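Note sheet for the following structure.
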Amino acid sequence: MGIDLWDQALTFAGAAILGMGAGLVYDLMRVLRRRLRLPLLGPVLDFLFWLLLTAALFVYAVATGGRLRIFMVIAVGLGAVFYFLLLSRPALFLAGLLADGIAYLCHLAALPMIWLGLLCKKLIKIAKNIFHYGRRWYKIKLISREMEEAHRQNADAAAGGKGHENQKSV
C-alpha cells in the first residue's frame, strides 16, 4: 500500500478550506457578540465554536479515510490564518451590514407592536380617568335623586300632607 501524494494534497487543501470556514464562523460569532451585549454570550459562543470545529474536523477525518493526521490539523490552522489575514475585514464588514439589515427589519416588524402598546397606554389612561371620576358621578347622581325625592315630599307636605297617610307619628 503506497502513499498517494495527490490524495494527501487534496486532503490538505480540504482541511485548509475547513480552516477558512472556521474563521468565517468565528467572525460571524464575533459580530453576534458585538451586537448582542449579554454577559454569558461570549463563553457560550466560544464553547459552541470549539464544539462545532471539533465535530467538523472529526467528520472530515472520517470522510477522508478515518484518520486524523497532524498535517490536517496544521492545514486547518493555516487556512484560518489565511482567512484572518486576507478575508476577515471584508467578511466582518459584510456581516456587519447583514446584521444591521436584520436589526432594521426586526425593528420594522416590531413597529406595529410598539404602536399597539402606545395605543393601549393611551386607552388605559383615558379609561382610568373616566372610572376615577365615575364614583363621584354616581354619588352626585344619587344625591340629586335624593334631593328630588325630598323636594317632592316637601311639596306634598305643603299641599296638604298627601302621601304621608301611612306614616306613623312619633
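The numbers here are math on the coordinates, done by the rules we state, and not lab data. Since we're looking at a predicted model, the values are computed, not measured. All Cβ positions, even for glycine, are placed from backbone atoms using ideal geometry, and neighbour counts span all protein chains on display.
Charged neighbours of residue 53, selected by a Cβ distance under 15 Å, balance to -1 (K, R count +1; D, E count -1).
With the cut-off at 1.5 for a/c, could you classify the range 1-51 from its C-alpha gyration tensor as rounded, prolate or oblate?
Because a/c hits 1.5 or more and a/b exceeds b/c, the range 1-51 counts as prolate.
Taking a ≥ b ≥ c as the square roots of the eigenvalues of the Cα gyration tensor of the range 1-122, is the shape rounded (a/c under 1.5), prolate (a/b larger than b/c) or oblate? Taking the square roots of the gyration eigenvalues as a ≥ b ≥ c, the range 1-122 is prolate. Computed from phi, the 3J(HN,Hα) profile of the range 102-115 under the Karplus parametrisation 6.51, -1.76, 1.60 (θ = phi - 60°) reads 5, 5, 5, 5, 5, 5, 4, 5, 7, 4, x, 5, 5, 5 Hz, with x in place of Gly and Pro. Sequentially through the range 22-31, phi angles give Karplus couplings (6.51, -1.76, 1.60; θ = phi - 60°) of 5, x, 5, 4, 5, 5, 4, 5, 5, 5 Hz, Gly and Pro residues having no value and appearing as x. From most to least packed by mean Cβ count within 10 Å, the peptides 16-24, 119-127 give 16-24, 119-127. All other residues with a Cβ under 13 Å from the Cβ of residue 33 taken together, and with Lys, Arg as +1 and Asp, Glu as -1, what is their net charge? Net of charged neighbours comes to +2.
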